[in-house]
1. Assign unit charges at the C-beta atoms only (+1 for Lys and Arg, -1 for Asp and Glu), then state the dipole size of region 55-360 relative to its Cα centre in Debye, rounded to the nearest 20.
2. Out of region 327-424, which GluC sites (Glu not before Pro) are coil in DSSP terms and have no more than 15 other C-beta atoms within 10 Å?
3. Give the residue list of trypsin sites (Lys or Arg not before Pro) in region 288-343 that are DSSP loop and have at most 10 other beta-carbon atoms within 10 angstrom.
4. Quick query: amide H of residue 309 versus all other amide H atoms, modeled in the peptide plane; which residues come in under 5 Å with a sequence gap of 5 or more or a different chain?
5. Distance between the C-alpha centers of region 371-410 and region 146-164? Whole Å please.
6. Taking 0.36 nm per intervening residue step and subtracting the Cα-Cα distance, what contour gain separates residue 208 from residue 29 on full extension?
7. Local charge sum around residue 191 (other residues, Cβ-Cβ under 9 Å, Lys/Arg +1, Asp/Glu -1)?
8. Region 1-136: D in µm²/s via Stokes-Einstein (Kirkwood Rh, Cα pairs, 10 °C, 1.306 mPa s)?
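FYI, it's all coordinate maths here, none of it is from the lab. Keep in mind the model is a prediction, meaning the values are calculated, not measured. For neighbour counting, all protein chains shown are included, and Cβ atoms are generated from backbone atoms with ideal geometry for every residue, glycine included.
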Amino acid sequence: MKTVIKKGRVVDPGQGREQILDVLIVDGIVARIAEAIDEADAEIIDARGMVVAPGLIDIHVHLRDPGQEYKEDIVSGTRAAAAGGFTAVACMPNTAPVNDTLAVTEYIRNRALHEGLVRVYPIGAITKGLRGETLTEMGELAAGGCVAFSDDGRWIADGDLMRRALEYVKPFGVPLMTHAEDTTVSAGGVMNEGFVATDLGLKGIPWVAEDAAVFRDVMLAALTGTRLHVCHISTRGSVDILRNAKKAGIGVTGEVTPHHFTLTEEAVRGYDTNAKMSPPLRTEEDLEAIRQGLADGTIDVIATDHAPHHRDEKNVEFNLALNGIVGLETALSLTLALVGKGILTLPQALAKLTSAPARVLSLPGGSLREGSAADIVIFDPQRKWTVDPQLFQSKSRNTPFAGRQLEGVVCRTLVGGRTVFRRL
């Protein structure tokens, strides 16, 4: 089977390519990229005026499967991913049961293989039951397909255990991903500590809860020589710690979510539970530091932390609402807003959604190199749309961006050359 994507603006950050080109796909593989390709028996996709890029890769997603399929499952989650231009996602282990055994890892991989629309890579738990007490059999899980390890949602407070985890995982060549939050400092807070929290009468979470945790884990990474990935950075202090660690040659990478580079704590006003998340939305100063960290390369990856919840889990008092928002279907547009503001170039923005996440987790994909799988997103960078959660492919609707007008519309997503999403 042959397909030619014609006259699109091919942007492939991994190869430093940005040019109007044709892309030939043969049997699911990128066969050739050239200025003009004529194949009489090929399907033609007209991409004039659109960007053709490697399929996006999200290394921080909650698919809720197994155990919480009323919020999301592998089918609906991968459908949402495809609608957002993602051709691969890595799913966090806080399922029910937790992905801390080979049986759960195999369940995720098998279901994704047979029912998923995009590629799914499991992330295994660092500790059994995410309890922060006993290490999992990380060697067995890595051999079974886990591409990283995390107790996401929980910080491993025991420093000796975290050190042993870093030492244990090192021979397997995969990173640990840390949810950096010292809960003895955050102590039941529900939003960022500051004027807005005081004004709303809500208990705040100070910046030091994150910064102290990031600093300790970075120092343990330096001690052990193991790769560490810092999830969902939200403070200017964390950006500085990461920047200095990289200058010192420590093997650390970091990610930020679109909501943390777009929104501040002001979004909580009105007690909007869709703006309740962990880590919380911070200040304008933190937001600017995050944008600078993206621009100067301190922050490697943009990841969604896609966290679907049922409406009944959000339609409660702010203190009781669960943390998190859905993000797969808005991520590209929110990232393109950084391009519109001149903070990132288009290749820089796409690198943080393609080649960089592929590099951090050593995943295939992230490039349109000839001979690679034809995982491709085609999008119109200037087309406007209004966020309507009722139209999401996800089962859940918990987003603070409802009603917001954004630019950048995914027109088609291909995985292995097969169209898995198409917007007419």
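1. Numbers: 28 positive and 39 negative charges, 146 e Å.
Here region 55-360 has a charge dipole of around 700 debye.
2. Answer in residue order: 370.
3. For trypsin sites (Lys or Arg not before Pro) across region 288-343 that sit outside H, G, I, E and B with at most 10 neighbouring Cβ atoms in 10 Å, the list reads 341.
4. 397, 398
5. 32 Å
6. 59.7 nm
7. 0
8. 93 µm²/s
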